[in-house]
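Undergrad: Got a structure here, written out as structure tokens. Questions coming.
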Amino acid sequence: MRYISTRGDQTERRFCEILLEGLAPDGGLYLPVHYPQVDGATLSRWRGLSYADLAFEILSLYIDDIPAEDLRAITHRTYTEAVFGTPEITPLKPLAPGLALEALSNGPTLAFKDMAMQLLGQLFEYELRRRGETLNILGATSGDTGSAAEYAMRGKAGVNVFMLSPHGRMSPFQQAQMFSLQDANIHNIAVEGVFDDCQDIVKAVSNDLDFKRKYRIGTVNSINWARLLAQVVYYFAGYFQATKSDDEHVSFTVPSGNFGNVCAGHVARMMGLPIAKLVVATNENDVLDEFFRTGVYRVRSSTETHETSSPSMDISKASNFERFVFDLLGREGGRVKTMFKDALAEQGQFELNRHEFERIAHYGFQSGRSTHADRLATIRLAYQHYGQIIDTHTADGLKVALGHRDPAVPMLVLETALPAKFAATIHEALGFEPPRPKGLEHIEALPKRVSVLPADVQAVKDFIEQHLSV
Ligand SMILES: *Cc1c(COP(=O)(O)O)cnc(C)c1O
């Protein structure tokens with residue numbers, strides 16, 4: 001399998017060439033030159049597989065520069081009951097006939113990002129060792145991504161993580177999750193500023209090409225193709241659990257921000273997995289819902305970006321969305337470039353023509369939006385009617401899913417976090433705190449390992465230099 005950019009650069013690259021990369025050199029995102037097709041016989045063969053074996057089968061269709069036995073060992077090291085809590089890895093939790101949650105949040109940081117990041121940790125360690133190289137991951141986080149990256153990379157040979165977070169602004173639980181890590185290769189930096197300051201510092205450091213090269217600076221952001229590929233697996237795993245035979249269809253509702261999670265659903269559907277609908281659920285930051293309703297993609301300014309009680313979906317633009325638009329527009333990279341580079345820079349938005357807009361239906365996409373009041377009502381509903389405590393992001397998903405059900409097709413709502421991570425809103429909805437998974441009851445009391453730095457690029461560069469030997 002080879003990979004090309006969404007912006008017209010036809011240079012074909014192999015999986016391990018793009019594994020450690022972010023954007024393609026022309027500013028686009030990487031996609032495979034075609035989607036491997038999975039027929040009924042293959043689905044039947046995969047139906048009985050363990051999660052790790054299923055992951056191996058799917059990954060092998062996209063990765064031909066890692067020997068099969070090594071790749072199988074990697075998926076078996078990643079998707080274990082010890083790390084993800086159950087033998088199914090992503091078990092279904094039935095709510096009502098034809099309606100279930102697919103649990104993606106039983107990994108170490110209690111959010112779905114572990115599903116991909118844990119694999120990325122194994123792949124990075126493998127590839128860096130093979131090349132005899134090291135990598136220093138620099139990132140900014142307001143919560144979920146940073147902790148998932150740290151738990152995936154902790155103790156991995158050849159990798160250091162420098163994670164910036166806004167000092168005193170994450171929840172005590174999130175701070176405890178990250179700062180209690182004592183691994184020598186994990187560096188928590190609390191920046192005296194807000195999340196945007198952290199992001200600006202990461203950009204400034206990455207734009208200093210000499211520094212970047214000298215200190216081998218890399219990232220693990222959500223546009224990484226390997227992360228997306230890892231997520232394709234749980235759409236298949238959910239499908240097999242919800243059906244008995246391979247002529248049945250299933251729909252998914254996906255709480256969405258950067259369009260990474262649901263883009264993996266799009267890839268699974270393009271491969272031939274019988275998915276009826278992919279329902280995109282947003283919170284008040286409804287860039288994507290607006291697009292699927294109107295064909296207008298309009299990036300929001302930071303003042304228009306709301307801080308909500310489903311904070312991991314508080315986005316101003318959806319970084320992975322370009323991948324879907326590339327497919328929607330018949331893979332015309334030139335046109336994608338015009339839209340994402342020129343129109344967005346000049347007008348802050350683009351609009352599909354009528355013909356293009358009508359094509360969205362062929363891809364199964366629908367959408368909906370949820371608000372704080374919806375979230376509280378849905379958390380109550382899930383508790384009272386279905387006996388489940390759900391987190392705020394999953395609540396956005398369930399709220400939108402309930403408006404898009406077809407009695408003939410099972411609907412799976414992706415559970416993207418556990419309620420323990422967002423205890424304050426659960427308390428607001430239900431009047432009590434959600435339970436914590438075993439072992440995390442007293443996490444706030446553990447010793448913390450964090451350095452507080454001013455919101456200053458040079459201070460962060462100095463810190464990195466002091467903690468690395470070149
Ligand atoms: C990251 C995240 C999302 C949004 O996922 P995207 O891939 O950005 O659409 C939703 N819920 C939770 C809990 C998350 O951490």
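Undergrad: Report relative contact order for the chain in percent, whole number only (criteria: Cα-Cα under 8 Å, sequence separation at least 6). Can you show the working numbers first?
TA: Numbers: 877 pairs, mean separation 88.6, N = 470.
With pairs under 8 Å counted, the relative contact order is 19 percent.
Undergrad: Using alpha carbon centroids, what distance separates segment 284-333 and segment 413-452, in Å?
TA: 28 Å
Undergrad: Expected output is a single nm value to one decimal: the length gained when fully extending between ASN207 and THR86, i.e. 0.36 nm times separation in residues minus the C-alpha distance. What is it?
TA: Details: separation 121, 0.36 × 121 = 43.56 nm, distance 4.23 nm.
Gain in length upon complete extension: 39.3 nm.
Undergrad: In addition: Which whole number in µm²/s is D for segment 123-188 by Stokes-Einstein, with the Kirkwood Rh taken over Cα pairs at 20 °C and 1.002 mPa s? Could you put the intermediate results ahead of the total?
TA: On the way: Rh = 12.2 Å.
Translational D for this selection: 175 µm²/s.
Undergrad: Something else: To the nearest 0.05, how large is the calculated FRET efficiency for GLU351 and ARG331 if R₀ is 22 Å and r is the Cβ-Cβ distance?
TA: On the way: r = 20 Å, r/R0 = 0.90.
FRET efficiency, GLU351 to ARG331: 0.65.
Undergrad: Now for a different question. How big is segment 356-452 by Rg and Dmax over its Cα atoms, in Å?
TA: That works out to 17.4, 56 Å for Rg and Dmax.
Undergrad: Fewest to most neighbouring Cβ within 10 Å: what's the order for LYS93, LYS113, LYS244?
TA: On the way: LYS93 14, LYS113 31, LYS244 8.
Result, fewest neighbours first: LYS244, LYS93, LYS113.
Undergrad: If I take every Cα pair under 8 Å that is 6 or more residues apart in segment 208-305, average their sequence separation and divide by the length, what percent do I get for the relative contact order? List each step's numbers first, then the result.
TA: Values: 83 pairs, mean separation 22.0, N = 98.
In percent, rounded to a whole number, it is 22.
Undergrad: Starting from the Kirkwood radius over alpha-carbon pairs of segment 1-83, derive D by Stokes-Einstein at 20 °C in a medium of 1.002 mPa s and give it in µm² s⁻¹.
TA: Numbers: Rh = 14.4 Å.
After rounding, the answer is 149 µm²/s.
Undergrad: Same structure, new question: Report the chymotrypsin sites (Phe, Trp or Tyr not before Pro) located in segment 402-470 that are in a DSSP loop and have at most 16 other Cβ atoms inside 10 Å of their Cβ, or state none. If you can, show how the numbers build up before the last one.
TA: Numbers: sites: PHE422, PHE432, PHE463; in loops: PHE432.
Answer in residue order: PHE432.
Undergrad: Going by how many other beta carbons lie within 10 Å of each one, how would you line up TRP225, TRP46, fewest first?
TA: On the way: TRP225 21, TRP46 18.
If I rank by nearby Cβ atoms, fewest first, I get TRP46, TRP225.
Undergrad: Additional query: Give me the distance in nm between label points sitting 7 Å out from Cα along the Cα-to-Cβ direction at ALA408 and ALA157, one decimal.
TA: Once both label points are built, they end up 5.6 nm from each other.
Undergrad: Give me the Å³ per residue figure for the convex hull around the C-alpha atoms of segment 217-318.
TA: Each residue corresponds to 124 Å³ of Cα convex hull volume.
Undergrad: Taking the convex hull of the Cα atoms, report for the chain its projected area averaged over all directions, in nm².
TA: Approximately 20.9 nm², given one-decimal rounding.
Undergrad: Then there is this: Please get the size of the charge dipole for the chain, origin at its Cα centre, with Cβ charges of +1 on Lys and Arg and -1 on Asp and Glu, quoted in debye to the nearest 20. Before the final figure, lay out the partial values.
TA: Working: 47 positive and 58 negative charges, 82 e Å.
Here the chain has a charge dipole of around 400 debye.
Undergrad: Over all directions, the average projected area of the alpha-carbon convex hull for segment 335-374 comes to how many nm²?
TA: Values: hull surface 18.0 nm².
With every direction weighted equally, the projected area is 4.5 nm².
Undergrad: Please give the FRET efficiency for THR305 paired with ARG131, using the beta carbon to beta carbon distance and R0 = 45 Å, rounded to the nearest 0.05.
TA: Calculated value: 0.70.
Undergrad: Here's another thing I want to ask about it. Test of understanding: what is the full-extension gain from SER60 to HIS362, defined as 0.36 nm times their sequence separation minus their Cα-Cα distance? Can you show the working numbers first?
TA: Details: separation 302, 0.36 × 302 = 108.72 nm, distance 2.72 nm.
Computed gain between SER60 and HIS362 is 106.0 nm.
Undergrad: Continuing with the same structure: Scan segment 410-470 for GluC sites (Glu not before Pro) in coil per DSSP, keeping those whose Cβ has at most 14 other Cβ atoms within 10 Å, and list them by number. Display every interim value, and only then the final one.
TA: On the way: sites: GLU415, GLU428, GLU441, GLU444, GLU465; in loops: GLU441.
Those satisfying the criteria are GLU441.
Undergrad: Further question on the same structure: Per residue and in cubic angstrom, what volume does the convex hull of the Cα atoms of segment 7-155 have? Present the calculation step by step, with values, prior to reporting the outcome.
TA: Working: hull volume 24.9 nm³, N = 149.
For segment 7-155, the hull spanned by Cα atoms encloses 167 Å³ per residue.
Undergrad: Just to confirm my numbers, what's the Cα centroid distance between segment 82-148 and segment 337-412 in Å?
TA: That distance is 23 Å.
Undergrad: When GLU346, GLU81 are ordered from fewest to most other Cβ atoms inside 10 Å of their Cβ, what list results?
TA: Details: GLU346 9, GLU81 12.
Ordered from fewest to most neighbouring Cβ atoms within 10 Å, GLU346, GLU81 come out as GLU346, GLU81.
Undergrad: Right, next: Report, as a whole number in µm² per second, the diffusion coefficient that Stokes-Einstein gives for segment 318-395 at 20 °C and 1.002 mPa s using the Kirkwood radius over alpha carbon pairs.
TA: Numbers: Rh = 15.4 Å.
Once the numbers are plugged in, D ends up at 139 µm²/s.
Undergrad: Under the 0.36 nm per residue contour assumption, what length would be gained going from the current alpha-carbon distance of GLN466 and SER180 to full extension?
TA: On the way: separation 286, 0.36 × 286 = 102.96 nm, distance 2.14 nm.
Here the answer is 100.8 nm.
Every number here is computed from the coordinates shown, using simple stated rules; none is lab data. Values in this document were obtained by computation on a predicted structure and should not be read as measured data. Don't worry about glycine lacking a Cβ; one is built from the backbone with ideal geometry, like all the others, and counts go over all protein chains shown.
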